[in-house]
Amino acid sequence: MSARSPSKSLPLSLALLACVLPAVRAAEPPAPAGAPTAAYAEFGAIVARGAHLAELNLSEAQFAAFVAGLRSVRDGGALPPLDAADGQALAALQQRVAQLPNAPAPAHDDRLAQYLRSARQDLQMHQSDSGLLYRIDHYGGGPRPRASDVIVINLLARTPDLENKIPGLSRSNLRTKVSDLLPGLAEGVQMMALGARALFILPPTLSFGTGAWPSGLEPGMPLPFEIELVEVVPAEDPAR
């Protein structure tokens, strides 16, 4: 067994990056030199929490080696091959990480279920097989986007009581591939035609799940989104 087999890599992985709403990666130019770096520090904290770095209790030397690995990937370099002792240490570290919980277990399953039941009734919403709550307020016209299409949307995230906006998850004229959205949003926008406006409420299984949640959000909370579908750019497909 290769010590660097991709199937055995540490589960810091791409899932942690995919947990962040694709708006973070959508068509925003790199920050110029000297620009504020707090966002990158926060992103690093999100990755570190998802990777359970605090629980691993790495020594300074181990943490320095960990950072060297990150830097090597960023710079496109190659790490030296592992010897037998290093391979055994990596396997032990993988086992430690695998035994850690992915996220705090939600303590409010009953409250979540009650919230979703009330939202269906009070907001006159429908529920899909996946658990997504949806209400199309304006149907628009034309074809619906597919998972492979690029779309432009106005996205307004709200707190569960719908009273307050969540700025970090809200975007105007967000251009993104449908399949890059949070699972509930990707499902929801495919119900919409051009010009449509809708309300979706994502249960945690269709938003950030058991991954790393953005700072300021309680893991396991339902997330309402108001969406307007502004543009659809179909993927190249002669059969469409």
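Worth pointing out:
- Close pairs from the stretch 63-85: first within 16 Å of residue 44 (Cα to Cα), partner assigned to a loop (DSSP other than H, G, I, E, B), Cβ under 7 Å, at least 6 apart: 66/58; 69/79
- Every residue from the stretch 182-192 that is assigned to a loop (DSSP other than H, G, I, E, B) and either in contact with a His (Cβ under 6 Å, 6 or more places away or on another chain) or open to solvent by 10 Å² or more (accessible area, probe 1.4 Å) (or both): 190, 191
- Scan of the stretch 92-130 for residues that are assigned to a helix (DSSP H, G or I), touching a helix residue (DSSP H, G or I) at 6+ places or on another chain (Cβ under 8 Å) and either of a type outside the set (A, V, I, L, M) or modelled with pLDDT under 75 (or both), ordered by number: 93, 94, 96, 97
- Looking only at the stretch 204-239, and only at residues there that are within 15 Å of residue 160 (Cα to Cα) and in a strand (DSSP E or B), the one that is farthest from the chain's Cα centre (by Cα): 226
- Filtered residues of the stretch 161-174 (kept if buried (at least 16 other Cβ atoms within 10 Å of the Cβ) and either in contact (Cβ under 8 Å) with a residue 24 or more places away in the chain or assigned to a strand (DSSP E or B) (or both)): 166, 168, 169, 171, 174
- Of all residues in the stretch 117-136, those that are charged (D, E, K, R) have Cβ atoms under 8 Å from Cβ atoms of residues that are loosely packed, with under 14 Cβ neighbours inside 10 Å and assigned to a loop (DSSP other than H, G, I, E, B), 6 or more apart or on another chain, in 135/123; 135/124.
- Residues satisfying the stated conditions in the stretch 170-211, i.e. touching a Ser or Thr at 6+ places or on another chain (Cβ under 9 Å) and not small (Gly, Ala, Ser): 177, 178, 182, 183, 185, 187, 191, 203, 204, 205, 206
The values are calculated or read from the model by the stated rules, or taken from the named source; none is laboratory data. Note that the coordinates shown come from a computational prediction; the quantities given were computed from them, not determined experimentally. Because the Cβ atoms are built from the backbone with ideal geometry, glycine has one as well, and the counts that use them run over all protein chains shown. Ligands, DNA and RNA are stripped out before the accessible areas are found, and what is left, the full protein with its side chains, is counted by its heavy atoms. Shrake-Rupley method; radii C 1.70, N 1.55, O 1.52, S 1.80 Å.
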